[in-house]
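What follows is one structure encoded as C-alpha cells, with my remarks underneath.
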Amino acid sequence: MLARFFGKLGHEILYFLETTGRMGVFLFTCLLCLVTPPYRIRAIIRQTYFIGARSSFVIIFTGLFTGMVLGLQGYYTLRKFGAEGLLGSAVAVSLLRELGPVLTALMVIGRAGSAMCAEIGIMRNSEQIDALETMAIDPYRFVMVPKFGATILSLPFLTFIFNMVGIMGGYLVGVSLLGLTSGAYFQGMYQNVVWDDIEMGLVKSFVFALIVVWVAASKGYHLHLERSGGFGAEGVSRTTTSAVVMSSVLVLVWDYLISAMML
C-alpha cells in the first residue's frame, strides 16, 4: 500500500514537471518567433479583430453593470461614514487596480480563449499541424504567433474600455439615481487616482494577456499529450475545459502576486 502511494505520488510529480517544462518551452518558442522576422502583420490584424473587436460588446456590457454595482454598493457603504463624495475615487480605484484587468481577462478567456484552444486542438486532432510540419511550415509562426500578438495587443485596450465604461456606470448610479453631484464624483476621482493605480492595471492586463494566450494555445497544441485530452471530440472538449479553468485560476493567482509586489 505504501509503495503504491509513493509510486503514484512520484508519477504525479513527474507528470507535473513534464507539463511545466513542455509549456515553458512552448512559451519561449512563441515569444522568440513573435519578436523575430518575418512578421505576419495581416494575420495578427485578423486575430485582433476576432479577439479584440468582437469581444468589445461583452466587455462594454460587463463593465457597465460592474460600475453600476460598485456605484450602488459604494454609495451606501460610504454614506455610513459621511464620505459620499469619495464614491468616484472608490469606483475608479477599484476598477483600475483590480476589477478591470481581472474581469476583462476572465471575459476574454470565456469568449476567445476557449475558442482558441478548441481551434488549435481540432487542428492537432485532424493532423493539420502535422501537415504544416510536413510542408516545412513552422506551426509556431503560422498559427501561434498571430494569436500571441493579437491577445497581447488587444487585452490592454479592452481593459481600458472596461474601466471607462465602468466609471460611467458608477456615474449613472451615483449621480443620476442617488443624487450625488457630478462635481463631487469627478473631483474625488481627480484627487485620489494616481499614476500608480493606472500602472498596476496596465501591468496586470499585459500579464493576464500572456497567461490567457499561453495556456489556451499550449493546451490545444499539446492535445495529444494531455492526460485530460486525447483524440476525438471528447478530448477537445475536456482539454478546452481544462484550459479555461487553468487560465482563470492563474489570472487570480497572478492578480494577487502582482498586487503584493506593486503595493
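None of the figures in this text is laboratory data; all of them are computed from the coordinates on show. If you're wondering where the values come from, they're calculated on a predicted model, not measured in any experiment. We place every Cβ from the backbone using ideal geometry, glycine too, and count neighbours over all the protein chains shown.
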| query | So what's the angle, to the nearest 10 degrees on a 0 to 90 scale, between helix 41-51 and the longest Cα principal axis of the chain? | reply | 60 degrees
| Highest-first arrangement of 5-11, 41-47, where packing means the average Cβ count within 10 Å | 41-47, 5-11
| remark: The ³J(HN,Hα) series, computed from each phi in the stretch 83-96 with the Karplus coefficients 6.51, -1.76 and 1.60 at θ = phi - 60°, rounded to the nearest Hz and given as x for glycine or proline, is 10, 4, x, 8, 4, x, 5, 5, 5, 5, 5, 4, 6, 5
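Only helical DSSP H runs with n ≥ 4 go in: add -39500 (n - 2.57) per run for the chain, normalise by residue count and round the 222 nm mean residue ellipticity to 500 deg cm²/dmol. Please list the in-between numbers first.
Details: 11 runs with 200 residues, N = 263.
When only DSSP H runs of four or more count, the value is -26000 deg cm²/dmol.
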| field | Which label in [x] 56, 47, 38; [y] 50, 37, 37; [z] 66, 56, 32 gives the computed Cα extents along the principal axes in Å | value | [z]
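What does the highest-first list of 237-250, 69-82, 129-142 look like by mean Cβ count within 10 Å?
Working: 237-250: 19.2, 69-82: 15.6, 129-142: 13.9.
Going by the mean number of other Cβ atoms within 10 Å, highest first, we get 237-250, 69-82, 129-142.
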| field | Sequence-separation-based contact order of the stretch 1-141, relative, with Cα cut under 8 Å and 6+ spacing, percent | value | 27 percent
| message | Under 8 Å for C-alpha pairs, at least 6 residues apart: give me the relative contact order for the chain, rounded to a whole percent. | response | 31 percent
| remark: In debye to the nearest 20, the charge dipole size for the chain, taken about the Cα centre with +1 at each Lys and Arg Cβ and -1 at each Asp and Glu Cβ, equals 240 debye
| request: Using only alpha carbon pairs under 8 Å that are at least six residues apart, calculate the relative contact order of the stretch 107-237 and give it in whole percent. | output: 48 percent
| said: I need the phi-derived Karplus couplings for the stretch 188-196: 6.51 cos²θ - 1.76 cosθ + 1.60, θ = phi - 60°, integer Hz, Gly and Pro marked x. | reply: x, 5, 5, 7, 10, 7, 10, 4, 4
